[in-house]
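So the structure is just underneath, and the comments pick up after that.
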Amino acid sequence: QNEKELQNVVKQQEEKMLQLIDKSGEVTRLKGEISQLKRSLQRAETEAKVLWEEMRGQQPKVDASYVQERVLLRQEVDKLRLLLLEKEDQNLLLSDKH
């Protein structure tokens, strides 16, 4: 009887472990989605900032290629800033583990 109880406990623990692994995978997937959405939001905000700046200081005949170049440059800066933040987060996680 003790052996059966022990087997049941082990089986329940295995099931709980599998559930935790499944949840962990889902959390990882959701974090990836959140990260992707943040990048999309950042791009949209960047474009809005550049366009707003151009409209605010609008001169006659603003060159569209100039505005596009400013948007691309601002996106690059924002992308680099995001990469820096991600690296800092990774470093924090690593330091927490150790």
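The values are calculated or read from the model by the stated rules, or taken from the named source; none is laboratory data. Keep in mind that what you see is a predicted model, and the values were worked out from it rather than measured. As a convention, Cβ positions derive from the backbone with ideal geometry for all residues, glycine included, and neighbour counts pool all protein chains shown. Just the protein is used for accessible areas: all its heavy atoms, side chains included, with ligands, DNA and RNA removed. Shrake-Rupley method; radii C 1.70, N 1.55, O 1.52, S 1.80 Å.
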Query raised in the report: Can you name the residue in segment 58-86 that is more than 22 Å from ILE34 (Cβ to Cβ) and among the aliphatic types (A, V, I, L, M) and is also modelled with the lowest pLDDT among such residues?
Result: VAL62
Query raised in the report: What are the residues in segment 29-56 that are more than 19 Å from the chain's Cα centre (by Cα) and not acidic (Asp, Glu), if any?
Result: ALA48, LYS49, VAL50, LEU51, TRP52, MET55, ARG56
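This table checks each residue for (1) part of a helix (DSSP H, G or I); (2) without any contact (Cβ under 8 Å) to a residue 40 or more places away in the chain; (3) in contact with a Lys or Arg (Cβ under 6 Å, 6 or more places away or on another chain); (4) open to solvent by less than 100 Å² (accessible area, probe 1.4 Å).
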site: LEU18; (1), (2), (3), (4): yes, yes, no, no
site: ASP22; (1), (2), (3), (4): yes, yes, no, no
site: LYS31; (1), (2), (3), (4): yes, yes, no, no
site: TRP52; (1), (2), (3), (4): yes, yes, no, no
site: SER65; (1), (2), (3), (4): yes, yes, no, yes
site: LEU72; (1), (2), (3), (4): yes, yes, no, yes
site: LEU82; (1), (2), (3), (4): yes, no, no, yes
site: GLU88; (1), (2), (3), (4): yes, yes, no, yes
